[in-house]
1. Going by the structure shown, is B:Trp234 open to solvent by 10 Å² or more (accessible area, probe 1.4 Å), hydrophobic (A, V, I, L, M, F, W, C) and within 16 Å of ligand 2 (Cβ to nearest atom)?
2. Search the stretch A:36-66 for residues being closer than 18 Å to A:Val88 by Cα and buried (at least 23 other Cβ atoms within 10 Å of the Cβ), and hand back the single one that is nearest to the other protein chains (Cβ to nearest Cβ).
3. Which one of A:Leu250, A:Leu243, A:Leu220, A:Leu211 is surrounded by fewer than 24 Cβ atoms within 10 Å (Cβ to Cβ) and not aromatic (Phe, Trp, Tyr)?
4. Scan the stretch B:186-210 and report the pairs whose first residue is more than 16 Å from ligand 2 (Cβ to nearest atom) and whose second residue is β-branched (Val, Ile, Thr) and open to solvent by 10 Å² or more (accessible area, probe 1.4 Å), with Cβ atoms within less than 6 Å and a gap of 6+ or a chain change.
5. Looking at the structure I just gave you, is B:Arg273 open to solvent by 30 Å² or more (accessible area, probe 1.4 Å) and either more than 14 Å from ligand 2 (Cβ to nearest atom) or closer than 15 Å to B:Ala155 by Cα (or both)?
6. Looking at the stretch B:189-207, is at least one residue among the small types (Gly, Ala, Ser), part of a helix (DSSP H, G or I) and within 15 Å of ligand 1 (Cβ to nearest atom)?
7. Got a sec? Which of B:Ala235, B:Ala248, B:Ala255, B:Ala243 is in contact with a helix residue (DSSP H, G or I) (Cβ under 7 Å, 6 or more places away or on another chain), in a helix (DSSP H, G or I) and more than 16 Å from ligand 1 (Cβ to nearest atom)?
Amino acid sequence: MKQTPVTTGYGAAIRDGFEYLLQNHPSVFTIGQGLWSPWYVGNSMTDLDSQFGRERVIDTPVSELGCTGAALGAALCGYRPIVIHPRVDFMLLAVDQIVTQAAKWRSMFGGQVCAPITVRAIINRGGEQGAQHSQSLQSWFAHIPGLRVVMPSTPTDARDLLIASVLSDDPVLYLDDRWLYGLEEELPPIEERNLAQEGPRLTRTGQDLTLVGCSYSAHLCREAAARLSANGIECDVIDIRVLNPLDSTLMIKSAKKTGRVLAVDGDWRSCGMAAEVIASISEAVDPRVMRAAPRRVTLPDAPAPTSSPLERSYYPTVDYIVQRALALVGAQQETFE
Amino acid sequence: MRASSADTSAERNAFSLGNLADAGSYHEPLLIDPLDNEALMSGLQRMILIRVVEEKIGDMVSQGVVKCPCHLVIGQEAPAVGVAGYVRKGDRVFGAHRSHGHFLALGGSPHGLLAEVQGKDTGVSRGMGGSMHLIDIPNGLFGTVPIVGATIPIAVGAGIAAKMDGNGDMAVSFFGDGATEEGAFHESMNLASTMKAPVLFVCENNFFSSHLHINLRQPDSSVCRYAEAHRVGWARADGNDLAAVRTATKEAVEAIRAGEGPRFLELVTYRWRGHVGHREDEDVGVKRKDDLAAWKLRDPISRLAVSLEANGALDRQQLKRFWTEAHTVVEEAWAEASHDQYPPAKALLSRVYSGTMARKR
Ligand SMILES: Cc1ncc(C[n+]2csc(CCOP(=O)(O)OP(=O)(O)O)c2C)c(N)n1
Ligand SMILES: [Mg+2]
C-alpha cells in the first residue's frame, strides 16, 4: 500500500530548521522580537521557547541594534546566534552591526577570526501596510562583501539553507518571505551542507527564454514558466538562492543557450538584483549570441503605497511576467544596434 | 485604594510607577479646578469623538472593510487630548503607530482619517499612508510613523528649528514605553537636553510593547529614570485622568516656552484593544484579561464625565448629546469617505520627488 506523502509548509519547514539546530548544536541560540508570541513570526518558530527554554529562545525589548550587536559579540565568543527581525524594515536600525561590523570583522582583522552570526529578517508586505512595512532590500545587502545573503524559495530550501546559514562560519543574512508560507512540499531528510557550496539552481529547463529570480520572484518565475509552456514557450528557470557572493555560471550558460533573459526581482529597479543578473550575463555573453536585449521586471521605483488599487499594481505578478516574456520572445528582431 | 493622580514631590521616584501601575488605584471624582471646566468640557467632547472614531474603525476592521493595520487608541484618549490643549499654532507634533488620537486631538478631521484608512485620495496622506502614516500640517501634526522611535529624533530637530526661529514654539514627541528601548530615544534625550531644545517628550506608558509586558523588557516600570539621567525635567501623571494630564502638561510647557529646554512626561494608561486590530485580547501578555477589566473601570471618559457632573459643569442630557453628536459626525464622515475616489494610478510615481528647488529669500 502506498503511503500518502507528508508535506510541510514553508513556515513549518523553517521551524524544522530551528528545531534541528537547537537540538543538535548547543552553541545555537535565537534572539529577537516576538519569539514568545504566537503570531509575530508566523508559524515559523511556534513553541520553540517552551521546547528549548527561554534562555536559548530569547524575546527582547524593542532594541534591534543592541540585540544584533549582542548576537555578534556572542558569535565572536563561540556561539552561533540567530537574530530574528520580524520585518526587514525593523532590521535597518541594526545596519551598522550587520554591514560595518559583522561583514567586515574577518577581513579587517586579517582573516584570523570568524563572525558566525545569522541574521534572519522576514519580508512581510502587502495588506495595505505601506512604505515602512514593505521593504525587502536584498539588493542593498547583496552589495556588501563579507555578508552572505540567502533567500530560499521552497520549503526544503527554507529549512536547509537556514541550517547551512547557521553552520556557516561567515555572517549570513537569511531573508524569508511571508508570501511563500503557503507553499508545501515533501521534505527530504536533513543533511548538513556547507553554504559556501550552495548557489543558484536550475529548477526547470527550456530553450526559448531564461527566467531568473530569487525568493518569491523565483516562485513567480516557476509559475510563469508553467503558463508559458502551455503556450509552447519553454523556459530555463534559475532560482538564485544565494545572492551574495553571486555565482553567475549557471545564468551565463543558460543565456548562451536561450539567447533571451528576463530577470525578475521583488525589489527596486535601480542598482537592484535584476540589474546585477543582467550585468553579470552581459559581461560574459557575446551580444551576437543574444536573440533579444535582456529585460527586467521589478517594483516600480516608488515606496510601497497603502491604497488598494495602487498596491495591486505595485507588485509583479505571474500575469505580468508572462506578458513580458511573450513580448521578449516575440521581439526576435530587437538587436543591440 | 485611593491615590493621587499626579505624584507629590515626596513620592517622586523616577524608577517606579507606584500606585499608578495598579489598575484599581484611582479616584473619582477627579481633582478639578473649576477654572478649567470649560477646557475639560471640550476635552471630554474630543475624547468621546476619538472613542467613537476608533470604535467605527475597529468595526470596519472586523468586517474587513478597512484592511490597513490599525493600532487603536481606545482607553488611551486622555494623553493626546490633554497635551493637545497646550499645543499652539507654530508648534510641531510627531507621533507613532498608535496616533489616531493625536491626530483627532489636534483638531484633525474625522473624514480625513476615515478616508485615509480606506486608502482614498481625500485622506490626510492622500491615500498613500493609511492608518500608520498620518500628517496634518495646518493643525501642527508633522507626521506619525510606525517605525518605533523614529520620530523622536525628528521631533528634536523640529525643536531645534523652533529655537532657531525664536518664536517660543516647541516640538512635541509622542511615543510609547516600547520606544524607550531604542537607542534613538536616548540619543535624542541627550541631544535635546544638551542643546536646550524646546521639546516636550510624551511617553504614553501602557505597559505593553505588542505582546510583552514592560516587566519582561525593562528592569523597572517607570521610564522617568531616563529623563533623570539626561537631566530633563520630568513629571508623571495618571494618563486616564484628563485633569491631571492637563496640569502636568501646563507646567512642562510653561518651562519649555520659558527657554528652560526639554521636558518629559510619563502618562500611565492602558489600551483596551489588542496591539493591532479590533480584538481585545489579541497577543495577550501577562494576565491582561484581569487587568483589562479593571482598567476599563478606570475609563478616562466616564471618570471625567462623572467629575464634571459632580461639580455641576455637565448634566446627563448634555453628555448624551455629546455621544449622539459624535456618532452623527463619524457616520457622516464615514459615508462620505466611502464614496471618495482612490488616488489615480499616476500618483504612485508622481508623489516621490518634488522636482522643485529653494527660492532666494
Ligand atoms: C523599529 C521597530 N521595531 C519593532 C516594531 C514592531 N512594533 C510595532 S509597534 C510596537 C510596540 C511598541 O510599543 P510602544 O512603543 O509601547 O507603543 P504602544 O504599541 O504600546 O502604543 C512594536 C514592537 C516597529 N514597528 N519598529
Ligand atoms: Mg506601550
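1. Numbers: open to solvent by 10 Å² or more (accessible area, probe 1.4 Å): yes; hydrophobic (A, V, I, L, M, F, W, C): yes; within 16 Å of ligand 2 (Cβ to nearest atom): no.
Criteria not met by B:Trp234.
2. So the residue we want is A:Val62.
3. A:Leu250
4. Between residues of the stretch B:186-210 that are more than 16 Å from ligand 2 (Cβ to nearest atom) and residues that are β-branched (Val, Ile, Thr) and open to solvent by 10 Å² or more (accessible area, probe 1.4 Å), the close pairs are B:Ala197/B:Ile160.
5. So B:Arg273 fails the test.
6. Of all residues in the stretch B:189-207, those among the small types (Gly, Ala, Ser) come to B:192-193, B:197.
From the residues that got through so far, the ones that are part of a helix (DSSP H, G or I) too are B:192-193.
Within this subset, residues satisfying the condition of being within 15 Å of ligand 1 (Cβ to nearest atom) are none.
No, that holds for no residue.
7. Matching residue, one of B:Ala235, B:Ala248, B:Ala255, B:Ala243: B:Ala243.
Each row is one residue, and each column tells you yes or no for (1) more than 17 Å from A:Trp140 (Cα to Cα); (2) more than 11 Å from chain B (Cβ to nearest Cβ); (3) open to solvent by 10 Å² or more (accessible area, probe 1.4 Å).
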| position | (1), (2), (3) |
| --- | --- |
| A:Asp267 | no, yes, no |
| A:Cys271 | no, yes, yes |
| A:Glu283 | yes, yes, yes |
| A:Asp286 | yes, yes, yes |
| A:Met290 | yes, yes, yes |
| A:Asp301 | no, no, yes |
| A:Thr306 | yes, no, no |
| A:Glu311 | yes, no, yes |
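The values are calculated or read from the model by the stated rules, or taken from the named source; none is laboratory data. Keep in mind the model is a prediction, meaning the values are calculated, not measured. Glycine also receives a Cβ, built like all others from the backbone with ideal geometry; neighbour counts cover every protein chain displayed. For the accessible areas, the whole protein counts, side chains as well, though only heavy atoms, and no ligand, DNA or RNA atoms are used. Shrake-Rupley method; radii C 1.70, N 1.55, O 1.52, S 1.80 Å.
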